[in-house]
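Enquirer: Below is the structure I would like to discuss, written out as structure tokens.
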Amino acid sequence: MVEGQLVDELVAKYCTTRGYRYSYGTAGFRDDAGRLDTVMFATGIIACLRSIALDGKPVGVMITASHNPASDNGVKIVEPDGSMLVQTWETRATELANLISSGSAAEIRRRIAELVTSAADVRPRLVIGRDSRVSGPHLLECLLGSANSLFQAQIKDYGLVTTPQLHYLTSRSLSVDGPVEEEDYFVDFSSAWNEITRLHDVERLPSAGLVVDCANGIGGPKMHSFIPRCRVLSEATTVINDNCADALSLNRGCGADFVKTNQRLPDGIRDTDGDSRLYCSFDGDADRVVFYYLNEDNRFQLLDGDRISALFAYFIAQLLEQSGLRSVLSMGVVQTAYANGSSTQYLQNHLKVPVTCTKTGVKHLHHEAVTHYDIGIYFEANGHGTVIFSDHFYATLRTQTHNSLATKTLKLLPQLINQTVGDAISDMLGVLAVLSILKWSPARWANEFTDLPNLLIKVIVPDRSQFITTDQERKLISPEGLQEKIDKAVSKFHSARSFVRASGTEDAVRVYAEAATQQEANELSAIVSKLVLESCYK
Ligand code: 16G
Ligand code: ZN
């Protein structure tokens, strides 16, 4: 039985941020770091209850705000198999955080006592990590405040790790008896890289080197630990924006989000004349990556998540063909409405690969990929994604007695590409392995198709919750009549598409427009944005 007095004391100590409304959003709770104490305390409770409900299996907790500014932070809960928290528990997390934030002392006492007492007599296990933000240690204390005092949880704190490392270490803690260390992550992925590059006699990269921009986040120190273990890469790689000790420089003028949004090189790169290196940028917690290079006119060319999907689809389709498994194993690509129309055409018409569209947010793409395909390739255009292999895939490959080069390569891919979640480091290895095996320069990769010109902008509206979508966020059902007006505007342009959706992470709606020329895409975007604003103020 939990004593009311204990709850009162813990709440007084750890839940100093009160009166806010919280919501477990697309990727967990996220807010200004100064508002999150209560959320962390509530998350400690929910994570423990989740572990108890799963018979004491390890549940992961990652403290991060990804690509957001240094002053923000956030937290997300990870299932024992390394996937994202199931949706019904997201609702429980939101409800509890809001009750503690706004309820009376008596209500809070009653609810927490009820939750703790009704839980089975199982000791919960938590696996915890955080990114490099300065607010991390304090928020961790608030989380431990509930997990330790109310549940005496068994805790493994990995300290500073990337988000995908935490997902990976959580799932490993489930499957492996005995201690799991961060070192396991480095060993597993570098071994897969070394093996696949040896198998294909790769001695150099097909570009004049690799530059990795780590957004001044936790990816920087991890890359420094990781790269020396990787043959070929150790000599070819330059790591930049790796100063995670300078707290304010996180995601500032660098990182995947900056590069994708501004379509330009990050800060920290000089002397680009005649530069034929391949570049990539991670975000602050290294779960997302985009590539780019400078073309012969020294112009910036982005190779985003759509390009990564296309590259993997091209390569894996070839391996399936060569190993005679194309009709045995299903492969498909999952995209969101943000995927460039050209990439969808290329996949469907040129590679003959099925493509499905889901709502924005990794969990939706992941679910679709796992449910429908033996090899599910999913990437958001912004660089979040991975390739997931099914049990049927593993079983089929086990039965292959004749191990051709293609079959051996297929067997290695799931070891190289993080199976729990999109991972900038492991996705980078996957892309580099494919490019090296195909001997494709960055320009060769880019030549597969030409992106339709597009524009993505933010429109600030009084109440974004009015904007309700259907058809995987491609169509609005509210405000009434707006979709018809958008459709009419789109019909006036060539090869055009436009959609409007409320952001899940910012107080704004996003307007995406794509058309045959940049001028048309810009015009369409302006018209749709005006329609959006008119619908709010009519
Ligand atoms: C979150 C999602 C990301 C999505 C983005 C959309 C995860 C791990 N992250 O960052 O996948 O693209 O939200 O943001 O799911 P928006 O709703 O503001 O457009
Ligand atoms: Zn991230």
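Enquirer: Of all the residues that make up segment 486-507, how many are surrounded by fewer than 19 Cβ atoms within 10 Å (Cβ to Cβ), free of Cβ contacts under 8 Å to residues at least 60 places away in the same chain and closer than 30 Å to residue 29 by Cβ?
Expert: Here the count works out to 3.
Enquirer: Now a separate question. Which of the residues that make up segment 482-538 are within 16 Å of ligand 2 (Cβ to nearest atom) and in a strand (DSSP E or B)?
Expert: If the condition is that a residue be within 16 Å of ligand 2 (Cβ to nearest atom) and in a strand (DSSP E or B), then no residue fits.
Enquirer: Testing residue 17 on (1) within 21 Å of the chain's Cα centre (by Cα); (2) at pLDDT below 95, one condition comes back false. Which one is that?
Expert: Status for residue 17: all satisfied but (1).
Enquirer: Which condition breaks for residue 238 when tested against (1) more than 21 Å from the chain's Cα centre (by Cα); (2) within 16 Å of ligand 1 (Cβ to nearest atom)?
Expert: (2)
Enquirer: Moving on. Within segment 398-412, is there a residue that is touching a Ser or Thr at 6+ places or on another chain (Cβ under 6 Å) and surrounded by 24 or more Cβ atoms within 10 Å (Cβ to Cβ)?
Expert: No, that holds for no residue.
Enquirer: Filter segment 283-300 for residues that are in a loop (DSSP other than H, G, I, E, B) and either away from ligand 2 (no atom under 16 Å from the Cβ) or among the small types (Gly, Ala, Ser) (or both) and give the result.
Expert: Answer for segment 283-300, where residues must be in a loop (DSSP other than H, G, I, E, B) and either away from ligand 2 (no atom under 16 Å from the Cβ) or among the small types (Gly, Ala, Ser) (or both): 284, 286, 295, 296, 297, 298, 299.
Enquirer: In segment 1-116, which strands (runs of 3 or more DSSP E) lie fully inside it and hold 2 or more residues that are in contact with a helix residue (DSSP H, G or I) (Cβ under 6 Å, 6 or more places away or on another chain) and not polar (S, T, N, Q)?
Expert: Filter on segment 1-116 gives 58-63, 72-78.
Enquirer: A follow-up question, please. Since residue 383 meets every condition but one in (1) modelled with pLDDT of 95 or more; (2) on the phi < 0 side of the Ramachandran plot; (3) within 16 Å of ligand 2 (Cβ to nearest atom), which condition does it not meet?
Expert: (2)
Enquirer: Next up: Here are some residues: 209, 220. Which one is out of contact with any Pro (no Cβ under 6 Å at 6 or more places or on another chain) and on the phi > 0 side of the Ramachandran plot?
Expert: 209
Enquirer: So, in segment 386-397, how many residues would count as being surrounded by fewer than 21 Cβ atoms within 10 Å (Cβ to Cβ) and either within 16 Å of ligand 2 (Cβ to nearest atom) or in a strand (DSSP E or B) (or both)?
Expert: Residues flagged as surrounded by fewer than 21 Cβ atoms within 10 Å (Cβ to Cβ) and either within 16 Å of ligand 2 (Cβ to nearest atom) or in a strand (DSSP E or B) (or both) within segment 386-397 amount to 0.
Conditions tested, residue by residue: (1) within 16 Å of ligand 1 (Cβ to nearest atom); (2) of a type outside the set (A, V, I, L, M); (3) in contact with a strand residue (DSSP E or B) (Cβ under 7 Å, 6 or more places away or on another chain).
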residue	(1), (2), (3)
20	no, yes, no
35	no, yes, no
39	no, no, yes
47	no, no, yes
55	no, yes, no
64	yes, yes, yes
70	no, no, no
78	yes, no, yes
88	no, yes, no
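Enquirer: Anything in segment 447-485 that is touching a residue at least 12 places away in the same chain (Cβ under 8 Å) and touching a Leu at 6+ places or on another chain (Cβ under 6 Å)? List them, or say none.
Expert: Within segment 447-485, 469, 476, 482, 485 meet the criteria.
Enquirer: Would you point out the residue of segment 121-149, among those that are assigned to a loop (DSSP other than H, G, I, E, B) and more than 19 Å from residue 93 (Cβ to Cβ), that is modelled with the lowest pLDDT?
Expert: 121
Enquirer: Now a separate question. For the structure I just gave you, tell me whether residue 340 is within 19 Å of residue 444 (Cβ to Cβ) and either surrounded by fewer than 22 Cβ atoms within 10 Å (Cβ to Cβ) or within 16 Å of ligand 1 (Cβ to nearest atom) (or both).
Expert: Against the criterion (within 19 Å of residue 444 (Cβ to Cβ) and either surrounded by fewer than 22 Cβ atoms within 10 Å (Cβ to Cβ) or within 16 Å of ligand 1 (Cβ to nearest atom) (or both)), residue 340 qualifies.
Enquirer: Within segment 69-86, which residues are touching a Lys or Arg at 6+ places or on another chain (Cβ under 7 Å), among the small types (Gly, Ala, Ser) and under 16 Å from residue 388 (Cβ atoms)?
Expert: Those that are touching a Lys or Arg at 6+ places or on another chain (Cβ under 7 Å), among the small types (Gly, Ala, Ser) and under 16 Å from residue 388 (Cβ atoms): none in segment 69-86.
Enquirer: So which strands (runs of 3 or more DSSP E) are wholly in segment 150-243 and hold at least 2 residues that are surrounded by 17 or more Cβ atoms within 10 Å (Cβ to Cβ) and either at pLDDT below 95 or in the same structural domain as residue 293 (by TED's automatic domain parsing) (or both)?
Expert: Answer list for segment 150-243: 210-213, 237-240.
Enquirer: Residue under question is residue 407, and the condition is that it be within 16 Å of ligand 2 (Cβ to nearest atom), outside the structural domain of residue 271 (by TED's automatic domain parsing) and among the β-branched types (Val, Ile, Thr); does it hold?
Expert: Numbers: within 16 Å of ligand 2 (Cβ to nearest atom): no; outside the structural domain of residue 271 (by TED's automatic domain parsing): yes; among the β-branched types (Val, Ile, Thr): yes.
Here the answer is no, as residue 407 does not meet what is asked.
The rows are residues; the columns are (1) at pLDDT below 95; (2) more than 14 Å from ligand 2 (Cβ to nearest atom).
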{"residue": "253", "(1), (2)": "no, yes"}
{"residue": "256", "(1), (2)": "no, no"}
{"residue": "269", "(1), (2)": "yes, yes"}
{"residue": "272", "(1), (2)": "yes, yes"}
{"residue": "281", "(1), (2)": "no, no"}
{"residue": "302", "(1), (2)": "no, yes"}
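Enquirer: While we're looking at this one, here's another question. Output yes when any residue across segment 508-529 is within 16 Å of ligand 1 (Cβ to nearest atom), surrounded by fewer than 20 Cβ atoms within 10 Å (Cβ to Cβ) and either at pLDDT below 95 or of a type outside the set (Val, Ile, Thr) (or both), and no when none is.
Expert: Within segment 508-529 (the criterion being within 16 Å of ligand 1 (Cβ to nearest atom), surrounded by fewer than 20 Cβ atoms within 10 Å (Cβ to Cβ) and either at pLDDT below 95 or of a type outside the set (Val, Ile, Thr) (or both)), the answer is yes, since at least one residue qualifies.
Enquirer: Applying the selection to segment 355-377, what residues are within 20 Å of residue 474 (Cβ to Cβ), touching a residue at least 40 places away in the same chain (Cβ under 8 Å) and crowded, with 18+ Cβ neighbours inside 10 Å?
Expert: 357, 358, 359, 360, 361, 362, 363, 366
The values are calculated or read from the model by the stated rules, or taken from the named source; none is laboratory data. Keep in mind it's a predicted model, so treat the numbers as computed, not measured. Note: ideal-geometry Cβ built from the backbone for every residue, glycine included; neighbour counts use all protein chains shown.
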